[in-house]
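Shown next, in structure tokens, is the structure this report addresses.
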Amino acid sequence: MANLKDLKNRISSVKSTRKITKAMQMVAAAKLRRAQEAAEMSRPYTERFNAVMASLAASVGESDSAPKLLSGTGKQDVHLLIVMTSERGLCGGFNANIAKKARAFARDLLANGKEVKILTVGKKGRDQMKRDYGKYFVGHVDLTDVKRVSYPDAQGIAKDVLGRFDAGDFDVATLFYAEFVNVVSQIPQAKQIIPAKFEADENDDTAATLFDYEPSEEAILADLLPRGVATAIFSALLENGASEQGARMSAMDNATRNAGEMIEDLTVEYNRSRQAVITNELIEIISGAEAL
């Protein structure tokens, strides 16, 4: 039977842990509202931008004058995986799910004889992939000091990726992040950003409209495609921000509930142990009295 003092100390420890998890849940809930608003507000812009780019890309087709970011290098031998996770933990399976999808993607590429390079954004994803795929790492972006993600942060990452592409370091770039659905659902995504792929919205009323562009479609694409890479990265950062807080809120809520259940079980065990001790003491007293 457990010692009464040990049980009492354990109950006190679990209560302290419950206070921490409850506080973290409340903080995550407050941050989630801002992060969710930012992610949802960016979606219409991203969708409209992709619709315009899809129209331009369809006009250019596979012509020889198409920008390299759209047509690609003509090969698919070297793949750059941009794995975006959080800088902090205690957010359930958020980071693990993204890393799992990236590892499966890398494993398939290597099995098909492709060369893989990995650029990580967020140290949690870096830590999870370092053991099996550390030799494929080519860079890391640290956002520890960034309190609130902004477009310049995405531009910095995009500049690094575009610089590597211009230098011929890779042929295809794929972005890994989690799309925010709700507090309990964040879906890992793999999105190819180089060569750019744009899908027109079937519900877009302007999809069938013909436009005249000045200057040419190729010139506009050459200017907008780098911005498209930065936009995709910024959108992924916002989705990740909302997903992280949603996952942390859910994880801390579960931890708080589990701590409460553990406290109840330990309290029952403590009361039973205390009752047994009192009973033994009474038996000893009665036995001593009878002996006299």
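The values are calculated or read from the model by the stated rules, or taken from the named source; none is laboratory data. Model, not experiment: these values are computed from the prediction. With ideal geometry, Cβ positions are generated from the backbone for all residues, glycine too; neighbour counts draw on all protein chains shown. All accessible areas refer to the heavy atoms of the entire protein, side chains included, with ligands and DNA or RNA removed. Shrake-Rupley method; radii C 1.70, N 1.55, O 1.52, S 1.80 Å.
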Ile233, sole failed condition from (1) at pLDDT below 90; (2) assigned to a helix (DSSP H, G or I): (1)
Filtered residue count, the stretch 3-41, keeping only those that are in contact (Cβ under 8 Å) with a residue 12 or more places away in the chain and hydrophobic (A, V, I, L, M, F, W, C): 11
Residue match in the stretch 206-224 (condition: surrounded by 17 or more Cβ atoms within 10 Å (Cβ to Cβ), at pLDDT below 90 and either under 30 Å from Lys100 (Cβ atoms) or within 19 Å of the chain's Cα centre (by Cα) (or both)): no
Filter result for Ser287 (open to solvent by less than 20 Å² (accessible area, probe 1.4 Å) and in a helix (DSSP H, G or I)): no
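Rundown of residues vs (1) of a type outside the set (Ser, Thr, Tyr); (2) outside any helix (DSSP H, G or I); (3) in contact with a helix residue (DSSP H, G or I) (Cβ under 7 Å, 6 or more places away or on another chain), yes/no style:
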site	(1), (2), (3)
Ala222	yes, no, no
Met262	yes, no, yes
Thr279	no, no, no
Ile283	yes, no, no
Which listed residue is open to solvent by less than 30 Å² (accessible area, probe 1.4 Å) and touching a strand residue (DSSP E or B) at 6+ places or on another chain (Cβ under 9 Å), from Ala57, Ala35: Ala35
Top-ranked residue in the stretch 235-292 [being of a type in the set (Lys, Arg) and within 30 Å of the chain's Cα centre (by Cα); ranked as farthest from Ala38 (Cα to Cα)]: Arg257
Single unsatisfied condition, Gln76 versus (1) part of a helix (DSSP H, G or I); (2) open to solvent by 60 Å² or more (accessible area, probe 1.4 Å): (1)
Complete set of residues in the stretch 91-127 that are open to solvent by 60 Å² or more (accessible area, probe 1.4 Å) and either under 20 Å from Ala154 (Cβ atoms) or basic (Lys, Arg) (or both): Lys100, Lys101, Arg107, Lys114, Lys123, Lys124, Arg126
